[in-house]
Amino acid sequence: MEPFTYNASAVRIVFGHGTRTALADEIARLGCSRPLLLSTPQQAAEAERLGAALGQHFAGLFAGAVMHTPVEVSEAAVAHAKAVDADCLVAVGGGSTIGLGKAVALRTDLPQIVVPTTYAGSEATSILGQTADGAKTTLRSPKVLPEVILYDVDLTLTLPPGLTAVSGMNAIAHAVEALYAADRNPVTSMMAEQAVRSLARALPVLTAEPLDTPARAEALYGAWLSGTCLNAVGMGLHHKLCHTLGGTFDLPHAETHTIILPHAVRYNAPAAPDAMARIAQALGAADAAGGLFDLAQRLGAPTALAALGLEESDLDRAAALAVAAPYPNPRPLSEPAIRALLGNAFRGIRPSEDNCHA
Ligand code: NAD
């Protein structure tokens, strides 16, 4: 076996059905008694219910989380935490709410319990993306890594089918890029392969039956594994393209991941044959890139950037930005080939050897 380095993070994971009833115990375990709950306006009622169940140990709710973690919202939440004398944070929701919790933790050092309700995986990472004056920046700090992740499968039952599909594909993207990351190791590769297998098995079931609890559990398990991989190893071309498209052209996060993934995988395929074989096997498909495209299509998820409102004239700039700063990627970055990749993704063409511009 090749020598390897694995940075494991010390996060406590509680996983199961109905685990939200353990929230009070988890707060006490941290030595805390005045949690501030965080949510989006859309999930305020859910967060209220969790808070009410805490009885006197409920300092308040800040239900103002929005996409892209704008600093003014984070500062308002910090002020709220101080006003109610909170001693810990409980984020209930998807990546947007978790991002807010991380932003508050960064500024206050308050411990965090996260109750994820999507498959984005942010709960498992020490990465925080924030926006100030319309510009998105990303930082990595141990301060933003949550202390506890409380996965309650039941809270994911309400995730609408469309969001289930794209959020699940977003999770698969973390695992896929972990399998060909330059700093991968046998542990992350094992987790990543299982993540792809679990999500690829669960998501089609959930498209047909969103309330299928075993499939919800399997998808959430896969999402945790994917988020753990995202934290442990460096991401490549796919994440770079999605970051550029999201940050510069304001495209929606999970949808963009869903559309780009098969094309980024096709681009990297010639340079990462072992990863491709593992991805294809986990998908139960003949070919990794084609299998990912077929999965997205089967889930009824968007497959063309044009459908997200991007203009074809934006593609040159997106390709230039994606190669502007070097980063590890299995296949060297070629601006014309990435521009061609984006053209295929714009039109929603199924990636194949004939159109990968290798
Ligand atoms: P989101 O958090 O924006 O949620 C989308 C909508 O769905 C919100 O209105 C939310 O309230 C609602 N929702 C969430 N769960 C629900 C449920 N179970 N039932 C009903 N409604 C529900 O979406 P997301 O895709 O989870 O997060 C995207 C954000 O997360 C992006 O800003 C992205 O950059 C960030 N992110 C960060 C990391 C990281 O490591 N820092 C990783 C992945 C994603």
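The values are calculated or read from the model by the stated rules, or taken from the named source; none is laboratory data. Because the structure is a prediction, the values reported are computed rather than measured. Counting neighbours? That spans all protein chains shown, and the Cβs are built from the backbone with ideal geometry, glycine included. The accessibility values were calculated without ligands, DNA or RNA, using every heavy atom of the protein model including side chains. Shrake-Rupley method; radii C 1.70, N 1.55, O 1.52, S 1.80 Å.
Numbers at a glance
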| read-out | value |
| --- | --- |
| Residues satisfying the stated conditions in segment 1-49, i.e. outside any helix (DSSP H, G or I) and charged (D, E, K, R) | GLU2, ARG12, ARG34 |
| Boolean, ASP133 is open to solvent by 10 Å² or more (accessible area, probe 1.4 Å), assigned by TED's automatic domain parsing to the domain that holds LEU36, over 15 Å from the mean Cα position of the chain (by Cα) and among the acidic types (Asp, Glu) | yes |
| Count of residues meeting criterion [more than 8 Å from the ligand (Cβ to nearest atom), farther than 21 Å from PHE62 by Cα, among the polar types (S, T, N, Q) and not in a loop (DSSP other than H, G, I, E, B)] in segment 123-141 | 1 |
| Residue, least open to solvent (accessible area, probe 1.4 Å), within segment 183-208, restricted to residues that are of a type in the set (A, V, I, L, M, F, W, C), in contact (Cβ under 8 Å) with a residue 12 or more places away in the chain and over 16 Å from GLY291 (Cβ atoms) | LEU206 |
| Scan of segment 70-94 for residues that are β-branched (Val, Ile, Thr), within 14 Å of the ligand (Cβ to nearest atom) and open to solvent by 10 Å² or more (accessible area, probe 1.4 Å), ordered by number | VAL71, VAL73 |
| Single unsatisfied condition, ALA178 versus (1) at pLDDT 95 or above; (2) near the ligand (Cβ under 9 Å from one of its atoms) | (2) |
| Every residue from segment 292-316 that is part of a helix (DSSP H, G or I) and touching a residue at least 60 places away in the same chain (Cβ under 8 Å) | LEU292, LEU295, ALA296, ARG298, LEU305, ASP314 |
| Leading residue by the ranking (most open to solvent (accessible area, probe 1.4 Å)) among those in segment 97-122 that are outside any loop (DSSP other than H, G, I, E, B) and away from the ligand (no atom under 12 Å from the Cβ) | ARG107 |
| Those residues of segment 1-60 which are within 16 Å of the ligand (Cβ to nearest atom), exposed (fewer than 13 other Cβ atoms within 10 Å of the Cβ) and modelled with pLDDT under 95, in sequence order | ASN7 |
| Selected residue [among the acidic types (Asp, Glu) and either in contact with a Phe, Trp or Tyr (Cβ under 6 Å, 6 or more places away or on another chain) or under 19 Å from GLY121 (Cα atoms) (or both)] from GLU209, GLU218 | GLU218 |
| Failed item in (1) in contact (Cβ under 8 Å) with a residue 60 or more places away in the chain; (2) within 10 Å of the ligand (Cβ to nearest atom); (3) over 21 Å from LEU50 (Cα atoms), with VAL144 passing the rest | (1) |
